Every structure is written in C-alpha cells, then in structure tokens.
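Working notes, structure below.
The values are calculated or read from the model by the stated rules, or taken from the named source; none is laboratory data. Keep in mind that what you see is a predicted model, and the values were worked out from it rather than measured. Cβ coordinates were reconstructed from backbone atoms using ideal geometry, including for glycine residues, and neighbour counts include every protein chain displayed. The protein model used for the area step is the full one, side chains on, heavy atoms only, and it has no ligands, DNA or RNA in it. Shrake-Rupley method; radii C 1.70, N 1.55, O 1.52, S 1.80 Å.
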Amino acid sequence: RYADDFHIYVSSRKAGHRVLNSVTTFIEKKLHLKVNREKSAVDRPWRRKFLGFSFTPHGNPKVRVHKKSIQRLKEKVRELTSRSKGWSMKYRILKLNQYLTGWCGYFALADTKSIFSKLDAWIRRRMRMCLWKEWKLPKTRKRKLIGLGVPKWKAHEWANTRKGYWRIAESPILSKT
C-alpha cells in the first residue's frame with residue numbers, strides 16, 4: 001500500500017536526486033503506491049536511519065545502532081528503573097530482562113559492539129540506584145553493606161552520606177559490592 005521509506009546510495013547529490021525522482025515516479029505510476037516524501041531523501045548513509053540502524057562514516061563502513069534507537073532504549077530503561085515505582089527488585093529485573101533480550105536480539109546485527117558495553121554499565125548503575133533507594137534508612141544501608149563485605153567503618157561512612165542516589169550509584173563502594 002505504501003512505499004514508506006527508501007534509501008538510495010550513489011556517488012553524487014545530483015545523481016541521487018535524479019535516481020530518487022525516477023524511482024519515485026516508477027513506484028507511484030507503475031506500482032500505484034504512495035511514496036512518503038518526508039521520509040525519502042538524498043543524504044549520506046551515516047546521517048540516515050533505516051529500521052533503527054545507521055552506518056559509520058569511515059572508509060570501511062560498519063552497521064551501527066542509530067542514536068534515536070539508543071535514545072528510545074534509554075527512555076524505556078528509565079521508565080522501568082524509575083525510583084518512584086514501588087516494584088520489587090526481582091520484578092524490575094524480570095521486566096528489564098524481557099525488554100533488553102528483545103532489543104539486544106534485534107540490534108545484534110550491529111558491528112559496533114562498544115555501545116552495548118556502555119549501555120550495560122549505564123543500566124547497572126540505574127539498578128544500583130534503585131537498590132540504594134530501596135534500602136532507605138542509614139541503618140539498613142549499613143547492615144546491607146556490611147553483609148556485602150564492606151568494613152564497618154566504611155559502611156557507616158557511606159550509609160550516612162548526603163549524596164544523591166544517582167551519584168552514590170557510581171561510587172566505588174557500590175560498584176565493587
């Protein structure tokens with residue numbers, strides 16, 4: 001019914017516009033489909049998004065996850081790891097695993113693997129933040145940190161800190177334990 005979004009890769013901008021016009025004419029006249037002209041464009045491959053993917057701008061291009069796809073992932077993870085939700089950690093991990101399994105399975109085709117390690121570190125920090133919020137009281141925090149093997153004096157020091165949840169989530173004490 002629709003020829004929603006198509007990309008053409010040629011050597012020059014002028015050639016790109018010529019090919020775009022001829023392909024659009026063919027699709028509309030011969031196939032009787034509607035072309036969405038807002039989505040169709042002549043541009044560099046690394047500036048365009050196609051099914052959530054893009055390309056690197058180097059001489060040997062690689063498939064990468066597009067910035068908007070990463071942005072949507074982060075919004076969803078923020079929603080699932082919101083401190084204001086009264087979910088148990090077990091349920092939160094279950095929902096997060098369901099979403100991330102599908103997302104990682106879809107974007108596993110990407111050649112740039114560094115984004116996955118960066119996202120992994122960011123998600124772990126979000127989870128530590130939720131855990132710290134869950135522990136609420138300083139005495140609970142101290143008890144839990146001691147249970148994780150932190151010396152008593154260090155556990156007391158970190159349990160009574162005034163730093164915010166996000167900042168504490170990156171602290172060495174929580175990262176190690």
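Tabulated data
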{"read-out": "Most mobile listed residue (SER69, SER40, SER22) in the chain, GNM with C-alpha springs under 10 Å", "value": "SER22"}
{"read-out": "Area of VAL63 that stays accessible when all protein chains are in place (1.4 Å probe, Å², to 10)", "value": "40 Å²"}
{"read-out": "Separation of alpha-carbon centers, region 66-94 and region 111-177, rounded to whole Å", "value": "17 Å"}
{"read-out": "Rounded FRET efficiency, nearest 0.05, which uses the C-beta distance separating HIS32 from TYR99 and R0 of 30 Å", "value": "0.15"}
{"read-out": "The chain - Kirkwood radius from inverse mean 1/r over Cα pairs (Å)", "value": "20.1 Å"}
{"read-out": "Efficiency of FRET between LEU131 and LEU109 - r from beta-carbon atoms, R0 22 angstrom, step 0.05", "value": "0.10"}
{"read-out": "SER82/ARG167 FRET efficiency (R0 22 Å; Cβ-Cβ; nearest 0.05)", "value": "0.80"}
{"read-out": "Formal net charge of residues neighbouring ALA110 (Cβ-Cβ distance under 12 Å; K, R +1; D, E -1)", "value": "+2"}
{"read-out": "Spin-label proximity, TYR91 to region 124-142 - amide N less than 18 Å from point 7 Å beyond Cα toward beta carbon", "value": "127, 130-136"}
{"read-out": "In degrees, nearest ten, helix 114-135 long axis to first principal axis of the chain (Cα)", "value": "40 degrees"}
{"read-out": "Cα gyration tensor category, rounded, prolate or oblate, for region 77-177 with a/c compared to 1.5", "value": "prolate"}
{"read-out": "Cross-link partners of LYS152 among lysines (Cα-Cα below 23 Å; sequence separation of 8 or more within a chain)", "value": "LYS133, LYS136, LYS139, LYS142, LYS144, LYS163, LYS176"}
{"read-out": "Carbon and sulfur %, accessible surface of the chain computed with the full protein complex present, 1.4 Å", "value": "54 percent"}
{"read-out": "DSSP-assigned coil residues among GluC sites (Glu not before Pro) in region 96-177, each with at most 16 further Cβ atoms within 10 Å", "value": "GLU170"}
